[in-house]
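Below you'll find the structure, written out as structure tokens, and then a few comments.
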Amino acid sequence: MPIPLTGLVAATFTPLTQDGAVDLDTVPALVDHLARVGVAGLYINGSTGEGPSLTIEERRRLAEAYIGAARGRLATIVQVGTNSTRESRELAAHAAGIGADAVSSTPPMLACYLGGTGPSRKSVPEGQKGRDPCRRQRHRPARAV
């Protein structure tokens, strides 16, 4: 049964070894510390934790480690957004399958978010001339995956 999402939810980070590999052995101690200091939930694979910089397989293993260590003690939210809809759906299905309490999906990272100098600002589709593709779009409600 999912744990209610109330209280402080900590954005977790990704522990790395000296050679840059994800250090899954450190995760249980991190979760124990967060539970001990009163954190109520974990936000896994977000940008604070370098989630977008990890491979899909690294993101899966990291989510498994955090959820396994937190099971029954802390709520878990797994960030599944990528630049690929297919990979995001796969990550969401994986998160549900390993017992995440919720998933989150951030939008794709585009050059226009970083100052508007990338190709997305230059390539406006036919029929949308004069429309800035990098301007804020109205929020659309989430749908079930």
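Let me know the shape class of segment 7-47, please: from the alpha-carbon gyration tensor, a ≥ b ≥ c as square roots of the eigenvalues, rounded when a/c is under 1.5, otherwise prolate if a/b is greater than b/c, or oblate. Oblate is the answer for segment 7-47, as a/c is 1.5 or above yet b/c matches or exceeds a/b. For Ala96 and Thr26, the FRET efficiency from 1/(1 + (r/R0)^6), where r spans their Cβ atoms and R0 equals 35 Å, is about 0.90.
How many percent of DSSP beta bridges within segment 1-88 run antiparallel, rounded to 5? Rounded to the nearest five, the antiparallel share is 10 percent.
Fewest-first ordering of Val78, Val22 by other beta carbons within 10 Å of each residue's beta carbon gives Val22, Val78. Pair-distance distribution of segment 1-71: all C-alpha pairs, bin width 10 Å, starting at 0; shares per bin in whole percent are 20, 55, 23, 2.
We did not get these values from a lab; they are worked out from the coordinates using the rules stated. Since this is a predicted model, take the numbers as computed values, not measurements. Here the Cβ is made from the backbone with ideal geometry for all residues, glycine too, and neighbour counts use every protein chain on show.
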